[in-house]
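Just so it is clear, none of the values below were taken in a lab; they were calculated from the coordinates. Computed from a prediction, not measured in an experiment: that's the story for all the values here. When we count neighbours, we look across all protein chains shown, and the Cβ atoms used for this are built from the backbone with ideal geometry, even at glycine.
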Amino acid sequence: MTETKTPGDTKLHVAPTKTLSLKRPVEAGIVRQSFSHGRTKAVVVEKVKRRAIQPGETHPPREAPSAVPPPSPAAPAAPPRPQSASPRQQQAPQRSASGVILRSLTEEEREARSRALSGAREREIEERKRAAAEAQARAEREAREKEEQAAAEARKREEESRRAHEAEAKRKSEQEAKRRLAGGEPAAAPTTPLARKAPATASAAPPAAPARPAEEEDAKRIIRRPGVAPKVVVPRPTRGAEPKARGRLTVATVTGEEDERTRSVAAFRRRVQRLKGHVQEKEKLSREVILPETITIQELANRMSERGVDVIKLLMKQGQMAKITDVIDADTAELIAVELGHTVKRVAESDVEEGLFDVPDAEGEALPRPPVVTIMGHVDHGKTSLLDAIRHANVVAGEAGGITQHIGAYQIVAPNGSPVTFIDTPGHAAFTAMRARGAKVTDIVVLVVAADDGVMPQTAEAIAHARAAQVPIIVAINKIDKPEAKPERVRSELLQYEVQVESLGGDTLEVEVSATKGINLDKLLDLIALQAELLDLRANPARAAEGTVIEARLDKGRGPVATVLVQRGTLEVGDIIVGGSQWGRVRALLDDKGQPRHEAGPSMPVEVLGFSGSPEAGDRVAVVETEARAREITEYRERQKREKAAARGSSARGSLADMMSQLKSAGRKEFPLVIKGDVQGSVEAIIATLEKLNTDEVAARVIHAGVGGITESDITLAEASHAAVIGFNVRAHKEARSLAEQSGIEIRYYNIIYNLVDDVKAAMSGLLAPTLREEMLGNAEILEIFNISKVGKVAGCRVTDGTVQRGANVRLIRDNVVVHEGKLSTLKRFKDEVKEVVVGQECGMAFESYQDMRAGDIIECYNVQEIKRSL
């Protein structure tokens, strides 16, 4: 606020009020910015100045802010108020010219302002101390760096000077050597480092007579003999004397006569050993040597850390001549290792599978698991329909011909809330192996028997499989909704196979159900839960997974896909698994509804993606730790499979009975086939069914069978072996179809196994030799023999039975003995050629290539018919 007093004005004017604040000195400037299209803008830039307080300097007292602004340059400053104002007047509130009373600061505001000022002063002091400490540390660091740099430069200068001195000394010694060689004088001894450091005083001496130290002259003795040039002898240094200084290899050191040859360290050690009279032997180490069934000599020596020559020496002592690459058996290798002082651990190739399956769990780790139930029974008794009714699905519609040709695994939730795993098996006779696999992995067998059909052959086979697997049976009498249903008949027929149900006083559970009407399905599930509770099924989920391959196939988009039933442990995505001769890392797990899962616990069926190849149905699956062990196990199994195949191929040199059976089947015709299917189980069932068609005369030979589509290699193999190509639920690739058309190879597609078997059976029947059957035409008796020129003998005959036809087969019977078999060449009646002669008429007959006919002989006339055979 500025007070101005102008003549003629008695009022005080108040300047425009502003906000009270503490401001620092500010320097303001204007900066003009230029933009495109000629646009400009002026920007005010303020620079705040801050005073730097030196150490030890105190802050000047700050004046309290005043509401009165500084006096403007236009208005003169008002005269100061008198100093003699009373305290009362100082404390009184100020009054402006316009009569406005200005409020003074309260005590709280003053204390707050003083606290803020003191805090700012303390922060400034701390910042100054921190800056001083940083400056001191920086100065010390710079000084230390300067010292290190100076020391490095000094070392560099010293090294350069040393190198210069050495080069100069080397140059001087070379010049001296050259000079002495040119003058015929002996070369001087090499210059030692001590001599290089001493001042060169001998350079002033004349070159013809170099100066020698007195010690060197005294140490040498000159031996003079008559007629012999004088010889200078240098005595050997005594023990304890200063060793001879070794310099660099120069011309002077090479040509010097005073130099003496010294022994090496190795020679000194050998001399010490000879003086001691024995050689110190290395300490013998005993190792544990792992010996497989066969091993090479080189590998054995490496495992024992011995020389291969020593191993061969021991073999030669035993009378066995061998090379280092020869293979020896484990017994011989054990004898050698024991003789060399090592211990032996015998292993076999099959040891790679140790600890892979059936590792016992600790007590208390096993938890309850869902039961695995297998549906078994005769064909068309309603197994799949019953399972569809339980699952509320329609699997039957997806199977060709309405018959189950694949093994399926599903998991449902029972009404009591507990999960149950179901395995559906085919009921046809061709799928015996599938039913056996289903019975092996199951806990409970549900035997489905149709009430209107009774016990059938596959029903009896299912009972045998269940007993072989030692699993309990629950009898489900299906189709009770039909009028012709007779459940009591089923119960009585089961007694023939030693299956006694509870209603007849036995221990086998039974239930009458209807898959189409949904009758008693909940009762069936209750019986399954009751049986599972009695079995007390448990498994440890917190361990490496083990399971069984239920089915395997080759998917075009996803590669090998295996349906695996996890039996122990938990299978997770990313695990390394081994199944049969295939291994892989689990890329994905899919449940029976096709939904992806991250893990699968005990008794859960899942589809596993990630196998390197399609495993065989029934193979056991296990999780291993590393890929190296997985490869080792699969390589061993593949090797075993090849050896078995080679053994089957080399079984020709077997026993005498085998040789006789092969001679018997040497003339057997073969029908070669190349079979490709959608899943491993179907291919296995087709091969097993075709093998049953083989006879002693014809056999179906499966050259190649696999899972997946028909490829070019299959067509090439079929062309080379003249085989037929059969695809079961698969199709040929485009390239394979074009190659088959070019080669003339027929590809037959099937989706029902019995159609395939019928066609193969018909084709094999065509290879069978037809059956010959004789059809009797008639008999004739020879009455007279006539000799006709240019024709030969002609028999005059009378037909006594049936007819005689020209060109028919005849037998000449004399005294009830057949003396000739042939054909009629001539049949005449009254000099006319006729086709046939009936009974009671006479005719003339002549045989082909036979003339020994007599009166009274009987001619038997017949035809031979070829009847086509079938398997």
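Each Cα pair under 8 Å and six or more residues apart adds its sequence gap; the mean of these over the residue count of region 714-871 is a relative contact order of 26 percent.
At full extension, H392 and S34 could sit 120.9 nm farther apart than now, given 0.36 nm per residue minus the alpha carbon distance.
Calculated FRET efficiency, Q175 and A152, Cβ-Cβ r, R0 45 Å, to nearest 0.05? The pair Q175/A152 has a calculated efficiency of 0.80.
Amide H contacts of F671 (H built 1.01 Å from N, in plane; Pro and chain starts excluded): A699, A700, R701 sit under 5 Å, all sequence-distant by 5 or more or on other chains.
Which part of region 538-557 falls in the paramagnetic zone of R737, meaning amide N under 19 Å from the point 7 Å along Cα-to-beta-carbon? Only 556-557 pass the distance filter. Region 499-542 and region 747-810 have their alpha-carbon centroids 64 Å apart. The modelled label-to-label distance for the pair K593/T325, using points 7 Å beyond Cα in the direction of Cβ, is 6.3 nm.
On a full-extension model of 0.36 nm per residue, what is the gain between E627 and E670, subtracting their alpha-carbon distance, rounded to one decimal in nm? List each step's numbers first, then the result.
Details: separation 43, 0.36 × 43 = 15.48 nm, distance 4.31 nm.
11.2 nm is the gain from fully extending E627 to E670.
The distance linking region 282-318 with region 814-837 is 91 Å (Cα centroid to Cα centroid, whole angstrom).
For the pairs K345/K644; K644/K692; K313/K644; K383/K556; K523/K593; K593/K761, note any where the Cα-Cα span goes beyond 32 Å. From K345/K644; K644/K692; K313/K644; K383/K556; K523/K593; K593/K761, over 32 Å: K313/K644; K593/K761.
Close amide H partners of G778, meaning residues 5 or more places away or on another chain with modelled amide H under 5 Å apart, are T803, C861. Remark: the L285-R811 segment gains 179.8 nm on full extension, using 0.36 nm per residue and subtracting the alpha carbon distance. For N787 and E848, the FRET efficiency from 1/(1 + (r/R0)^6), where r spans their Cβ atoms and R0 equals 22 Å, is about 0.80.
Could you work out the local net charge near V817, counting Lys and Arg as +1, Asp and Glu as -1, over the other residues with Cβ closer than 15 Å to its Cβ? Within the 15 Å Cβ shell, the charges total -2. Comparing L181, A137, A152 along the charge dipole axis of region 132-186, the residue lying farthest to the positive side is L181, per the Cβ-charge model. The relative contact order of region 458-586 comes to 15 percent, based on Cα pairs under 8 Å that sit 6 or more residues apart. Placing dummy labels 7 Å off each Cα toward the beta-carbon, the span from E145 to V45 is 3.2 nm. The trypsin sites (Lys or Arg not before Pro) of region 534-565 that meet both conditions, a loop assignment by DSSP and at most 13 other Cβ atoms within 10 Å of the site Cβ, are K556. For region 771-871, the residue among I782, I858, V794 whose Cα projects farthest onto the positive side of the dipole built from Cβ charges is V794.
Can you flag which of K676/K734; K669/K868; K276/K317 are past 22 Å Cα-Cα? Flagged as over cut-off: K276/K317.
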